[in-house]
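Notes follow once the structure below has been shown.
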Amino acid sequence: MTQDDPGTAALRRWAADAPGAVLLDGFHALKHALRFGAPVGPALTSDKASVLALSADLAGDLTDTLDDLLVEVPAATLRELVPRIHPTGVAALAARRDRRTNLDTLARRPRPAPVVVLDNPRNLGNVGAVVRLAAGFGATGVVTTGDIDPWHPNAVRSGAGLHYATAVERLPADELPPGPLYVLDPEGDDIRGVPLPDDALLVFGSERHGVSAELRGRADRLVALPMRPQVSSYNLATSVAMALFHWGGSEGGAAPTAG
């Protein structure tokens, strides 16, 4: 590559932007980030023609944007920049959503939809899957407690870039947004008989440890998902999906419809 080659300029910008940037790993992460207004910086691919063909099939609204944005580099070069190349051969960097804006969104009341709270989750793939669910259902946001970053590249990859479609933040348990705490707990009331208010905080624990005693003790109501005897638990993302589906069909629930 020459000094003036677009690839050289893109790689130089990648090196400058990478510290602190969000890695958009794969076509679908980049697609959703663009659709929801992410400030995308350098975007690289090892096969631009294939990516544009994929866009024409799956995201025709973005094909022209991607044509302007994507810079083709050798696969070996891309392999040096990302932990593992996504099968679609695309990687990009973007600025993280503004934390202050996210916090304001989470705290604003009345809210049109619940906030999902993941209490000390341990699996980044599950966190990303929950973000994807929250975005699809139109939840106000996803808050995690504990020590893992919900914007970790593995979570963004699992969430298919939909962190930009909802407010995703990590907060201490004593700094959660305002609103009634509906804690998912096996000893709670059957959720099928409990309408979930739009401004609820829906609190989920990890599959192994459940919700902390602190948050359980602060609950306005404990609710339980229906479960066959001798089945120990559901996957975290499955539990969130069941609760949000119930919210969307309960009184006051307003989950978005397709179309």
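The values are calculated or read from the model by the stated rules, or taken from the named source; none is laboratory data. Predicted model, so just to flag it, every value in this text is computed and none were measured. All Cβ positions, even for glycine, are placed from backbone atoms using ideal geometry, and neighbour counts span all protein chains on display. To get the accessible areas, we keep the full protein, side chains included, count just its heavy atoms, and leave off ligands, DNA and RNA. Shrake-Rupley method; radii C 1.70, N 1.55, O 1.52, S 1.80 Å.
Against the condition open to solvent by 70 Å² or more (accessible area, probe 1.4 Å), of a type in the set (Asp, Glu) and modelled with pLDDT under 95, how does GLU175 come out, does it pass?
Here the answer is no, as GLU175 does not meet what is asked.
When only residues in the stretch 39-62 that are open to solvent by 30 Å² or more (accessible area, probe 1.4 Å) and among the polar types (S, T, N, Q) count, which is farthest from LEU11 (Cα to Cα)?
SER50
Run down ARG84, ARG109 and say which single residue is farther than 14 Å from GLY161 by Cα, touching a Pro at 6+ places or on another chain (Cβ under 9 Å) and at pLDDT below 95.
Numbers: ARG84 fails: touching a Pro at 6+ places or on another chain (Cβ under 9 Å).
The conditions single out ARG109.
Can we say HIS28 is under 18 Å from ASN154 (Cβ atoms), in contact with an Asp or Glu (Cβ under 6 Å, 6 or more places away or on another chain) and touching a residue at least 60 places away in the same chain (Cβ under 8 Å)?
Details: under 18 Å from ASN154 (Cβ atoms): yes; in contact with an Asp or Glu (Cβ under 6 Å, 6 or more places away or on another chain): no; touching a residue at least 60 places away in the same chain (Cβ under 8 Å): yes.
No.
Quick check: is even one residue across the stretch 146-160 among the hydrophobic types (A, V, I, L, M, F, W, C), under 16 Å from GLY205 (Cβ atoms) and open to solvent by less than 20 Å² (accessible area, probe 1.4 Å)?
The answer is no; no qualifying residue exists.
Here's the yes/no breakdown for (1) in a loop (DSSP other than H, G, I, E, B); (2) closer than 25 Å to GLY125 by Cβ; (3) in contact with a strand residue (DSSP E or B) (Cβ under 7 Å, 6 or more places away or on another chain):
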position: LYS31; (1), (2), (3): no, yes, no
position: ALA53; (1), (2), (3): no, no, no
position: ALA56; (1), (2), (3): no, no, no
position: ASP68; (1), (2), (3): no, no, no
position: ARG79; (1), (2), (3): no, yes, no
position: ILE85; (1), (2), (3): yes, yes, no
position: THR88; (1), (2), (3): yes, yes, no
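Which residues, taken from the stretch 67-94, are of a type in the set (A, V, I, L, M), open to solvent by less than 50 Å² (accessible area, probe 1.4 Å) and in contact (Cβ under 8 Å) with a residue 60 or more places away in the chain?
VAL71, VAL73, VAL90, ALA91, ALA92, LEU93, ALA94
When the residues of the stretch 33-48 are filtered to those that are part of a helix (DSSP H, G or I) and within 16 Å of ALA21 (Cα to Cα), which remaining residue is farthest from the chain's Cα centre (by Cα)?
The qualifying residue farthest from the chain's Cα centre (by Cα) is LEU34.
Checking PHE36 against (1) open to solvent by less than 40 Å² (accessible area, probe 1.4 Å); (2) farther than 22 Å from LEU11 by Cβ; (3) touching a helix residue (DSSP H, G or I) at 6+ places or on another chain (Cβ under 6 Å); (4) touching a residue at least 12 places away in the same chain (Cβ under 8 Å), which test does it fail?
Every listed condition holds for PHE36 apart from (1).
Which of the residues spanning the stretch 211-232 are in a helix (DSSP H, G or I) and open to solvent by less than 40 Å² (accessible area, probe 1.4 Å)?
Let us first name the residues in the stretch 211-232 that are in a helix (DSSP H, G or I), namely 213-218.
LEU215, the sole residue that qualifies.
Which count do you get for residues in the stretch 200-210 that are at pLDDT below 95 and either aliphatic (A, V, I, L, M) or buried (at least 19 other Cβ atoms within 10 Å of the Cβ) (or both)? Even if it seems obvious, please write down each step before you answer.
Going residue by residue through the stretch 200-210, those that are at pLDDT below 95 are 205-210.
Narrowing further to those that are either aliphatic (A, V, I, L, M) or buried (at least 19 other Cβ atoms within 10 Å of the Cβ) (or both): 205.
Of the residues in that region, 1 qualify.
Among the residues of the stretch 15-27, which ones are closer than 19 Å to VAL73 by Cα and surrounded by fewer than 21 Cβ atoms within 10 Å (Cβ to Cβ)?
If we filter the stretch 15-27 for residues that are closer than 19 Å to VAL73 by Cα, which is where we start, we get 15-18, 23-27.
Scanning the stretch 15-27 gives ALA15, ALA16, ASP17, ALA18, LEU23.
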